[in-house]
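Peer 1: The structure's right below; bear with me while I get my questions together.
The values are calculated or read from the model by the stated rules, or taken from the named source; none is laboratory data. Since this is a predicted model, take the numbers as computed values, not measurements. All Cβ positions, glycine included, derive from the backbone under ideal geometry; neighbour counts span all protein chains shown.
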Amino acid sequence: MAEKDLGYRRVQCTGRGSYIISLPKEWVQDIGLKRGSEIAFNLEPDSTLTLVPRKIKEKTEGDENSKLKEYYISVDPQEDIQSTLRMIQALYVISADVIRIHFRGTTDISKCKTIIKNFARDTFLGSEIIDETDDEITLQILIKHSEFPIEKAVRRMAIIALSANKEAITALKSSSKEVYQNVVNAHHDVNRLGLYVVRQLKFGIEHNMYRELGFKTPKEFLLYRIIVNDIRDIGENALNIMHNLATFQKLVDDQMLFIKDPVDEEVYSQMRNFNALAHQLFEDATKAMFKRDYNDAEALIPKRQGYVTLENDLIRLMSSKKLDPNISAILRLMLDTSRRILDYGQDVAELTLNRTVEELCSSFAIK
């Protein structure tokens, strides 16, 4: 239907604090509205209102839900499989529902299928192989956007990433294959949740669903995108520590490296204390973000600056000890990781200020 100017309508007050406006008779008759019909009011980003009769809204939503976004990829098993995996991941992020992967040629198809299946299982939340033939597999994303909200996914990401970092720090004194595998698994989980959140955000932007996703303005999409990157970095840094510890332990086991003295207890104790403070600040920052609490977020920024002295004291302590160079390098890596967590916490706090400052300032009454 072409755009049509239906003129202006005057806002009236009922006397009970409610405001009413009459609907154009021509529009009501064209749509087929009757007494008792329901109309949905959608607030747009520019503060305008869109009026949608319920029967039209439900029909539109039904049509949208019935249409799956399906994509097709043609793969040569002889070519770089990593390129194919990156393409599949990109399709997942842009909210693909069904991805059909067709294999050209006749060699290495089985191996290529296995790699893609394992990649999908380890990387995508809610993915399943729903169909398979000799030369094709079909991947479908079954989880719906409403089933696992963004905020819940980000909370889970933060818990897993910080837990992995804590295990990596304690592994210097009690390393084991089990601890190493725990951190590897946590790294996979954080990345899988991170991709899911990015998928949610892109879907929300595409369909202008910021309110349905729990946001007050579309600007909050950027806030969560930055936080996801910070949390993924925490998980990545924890895995990096474990890789370094594994390499170090292998050199010791193979008698290619000899450590005379154990890890200095004073240094290690202060390292764990500094790491615990970093975790607490990051957790407090995320709590302030979820609560949309400007004051709590503001209080964390000077606290972060106060930890600079503790960091410098720890560096001086490490320098004053005659530590093995290999252990010293790992301790420096752990210290850098804890400092990054503090910085990420400050980032989240500052983003929370940006998220809530308009609400705070516009609520002040001018006397």
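Peer 1: What's the number of the condition Val190 fails, among (1) under 25 Å from Gln280 (Cα atoms); (2) β-branched (Val, Ile, Thr); (3) touching a residue at least 60 places away in the same chain (Cβ under 8 Å)?
Peer 2: Condition not satisfied by Val190: (3).
Peer 1: Restricting attention to the stretch 111-147, which residues are in a loop (DSSP other than H, G, I, E, B) and either charged (D, E, K, R) or in contact with a helix residue (DSSP H, G or I) (Cβ under 7 Å, 6 or more places away or on another chain) (or both)?
Peer 2: Residues satisfying the conditions are Phe124, Leu125, Asp134, Asp135, Lys144, His145, Glu147.
Peer 1: While we're here: Against the condition modelled with pLDDT of 80 or more and over 30 Å from Pro218 (Cβ atoms), how does Val75 come out, does it pass?
Peer 2: yes
Peer 1: For the stretch 210-250, give me the residue count where each residue is modelled with pLDDT under 90 and touching an Asp or Glu at 6+ places or on another chain (Cβ under 9 Å).
Peer 2: Adding up the residues that qualify gives 5.
Peer 1: Scan the stretch 68-88 residue by residue and report those that are free of Cβ contacts under 8 Å to residues at least 12 places away in the same chain and over 16 Å from Asp122 (Cα atoms).
Peer 2: Glu79, Asp80, Ser83 - these are the residues of the stretch 68-88 that are free of Cβ contacts under 8 Å to residues at least 12 places away in the same chain and over 16 Å from Asp122 (Cα atoms).
Peer 1: Then there's this: Being in a helix (DSSP H, G or I) and over 17 Å from the mean Cα position of the chain (by Cα) narrows it down to one residue among Val184, Val190; which is it?
Peer 2: None of the others qualify; the one that does is Val184.
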